[in-house]
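The numbers here are math on the coordinates, done by the rules we state, and not lab data. No experiment lies behind these values; they were computed from the predicted model shown. Here the Cβ positions follow ideal geometry from the backbone for every residue, glycine too, while neighbour counts run over all protein chains shown.
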Amino acid sequence: MKFLKFLLIGVFFGIVLVKSEAVSWYRIYEMFRFQSFHMYGIIGTAIASGILFLQLSKKGIIKNINGSKIHVPKKEDGLVRYIIGGIIFGLGWALVGVCPGPMYILLGTGVWSMVIVIVAAIFGTFIYGLLKNKLPH
Amino acid sequence: MQQTLGMNYILNPWPWYISGPLIALVMALLLYFGKTFGMSSNLRTMCTIAGAGKFVDFFNFRWKDQIWNLTVVFGAIIGGYIAVNFLSNDIGTDLNPTTIVELQNMGFYSPGETLVPNEIFDLDVLASPKTLIILVIGGLLVGFGTRYASGCTSGHAITGLSSFQKPSLIAVIGFFIGGLIMANFILPLIF
């Protein structure tokens, strides 16, 4: 039962990403060709709403379920890993049109070949784990 | 009549100014419950479940602490099913006419009529090595890149930028450099 809320959040997330067309391969292509405002509008308003939420939490107006301060983990400092890792992900994002959320959501919409993308992505993560100590971070 | 109109707001694609705040709500709900919004972490968890910890130390962690996140994934699959089967009509994606012509010239038959191009994702074309290679390479890049960059669109672009984190800004700039190179220079070579 304690996982029910996460299941429902996931269902909501899946519905929103389909209805917003953020899972559309075409929308991602259009975004990277600067031919539509749609995706920029989604990402922009998501960040703006996120900033509002986190500022309200910072001022203590919104608290978490335990009544304590909402905590956002800090990412480690670094440059190479973020820029190079980011570029590699970006190449894949524009090729298959999915990031690690939409790949599952599209599976739910009936795009069965997404299984191949998911398995390959799991394997890609494994390769990173293998090479982690040899890569610049 | 009014009811029909109200229903159309749900069945038609949702505008960006509704969708963006709703995505932020997902992040807010997860933070409220003491978790974080990060979808790519699940790929690492799946490696661990598959036994990758035996080979690489990076995958030695208590994956049971991540069951909540796998539950979000499971919910997202259900959400995708519900959205296309019960909350959608036949209206396709309202793409820029320039985009449509451009993609048609590249050999995409019906841009925007489905969520993903049949030319890449239809099961029939899996018999073609080219399509299979695209799906595999795309997946590898996404899985490798997100872990190297320590996050994806949810963790960096939404959560990281909302909390003004410099590493996330660098990562998102990287996402765009990669995406721009693929869409503008590599895709035209492939198609």
- line: Share of Cα-Cα pairs in the protein assembly as shown beyond 25 Å, whole percent, is 48 percent
field: Hydrodynamic radius by Kirkwood, which averages 1/r over all alpha carbon pairs of chain B, in angstrom
entry: 19.6 Å
statement: Taking 0.36 nm per residue of separation between B:L132 and B:L169 and subtracting their Cα-Cα distance, the length gained on full extension comes to 10.0 nm
- request: Mind checking which lysines have their Cα closer than 20 Å to the Cα of A:K59? Skip sequence neighbours fewer than 8 apart in that chain.
  value: A:K69, A:K74, B:K35
Kirkwood-Stokes translational diffusion coefficient of the stretch A:75-136, alpha-carbon pairs, 20 °C, 1.002 mPa s, µm²/s: 165 µm²/s
query: Dipole of the protein assembly as shown (Lys/Arg Cβ +1, Asp/Glu Cβ -1, origin at the Cα centre): which of B:Y17, A:Y128, B:M106 lies farthest to the positive side?
result: A:Y128
task: Figure the gain on full extension for B:I181 and B:N12 (residue separation times 0.36 nm, minus the Cα-Cα span) and round it to one decimal in nm.
output: 57.6 nm
- line: The convex hull of the Cα atoms of chain A, divided by residue count, gives a volume in Å³ per residue of 167 Å³
message: At 222 nm, what value in deg cm²/dmol follows for chain A if DSSP H runs of at least 4 each add -39500 (n - 2.57) and the sum is divided by all its residues, to the nearest 500?
response: -20500 deg cm²/dmol
- line: Sorted by chain and then number, the residues having a modelled amide H within less than 5 Å of the amide H of B:C152, at least 5 places away or on another chain, are B:M39, B:S40
task: At most 13 other Cβ atoms within 10 Å plus a DSSP loop assignment makes a site exposed; report the longest stretch of chain A without any exposed chymotrypsin sites (Phe, Trp or Tyr not before Pro).
output: A:38-111
query: What nm value, rounded to one decimal, do you get for the distance between B:N118 and A:K2 when each label is placed 7 Å out toward the C-beta?
result: 4.8 nm
- prompt: Modelled label-to-label distance, B:T98 and B:K54, 7 Å Cα→beta-carbon offset: nm?
  reply: 5.4 nm
field: For the stretch B:4-46, alpha-carbon Rg over 2.2 N^0.38 Å
entry: 1.62
field: Relative frequency of Cα-Cα separations exceeding 17 Å in the stretch B:74-169, percent
entry: 70 percent
Exercise: per-residue mean of other protein chain Cβ atoms within 10 Å, B:34-42: 5
- prompt: In nm, what is the difference between 0.36 nm times the number of residues separating A:K69 and A:W112 and their Cα-Cα distance?
  reply: 11.3 nm
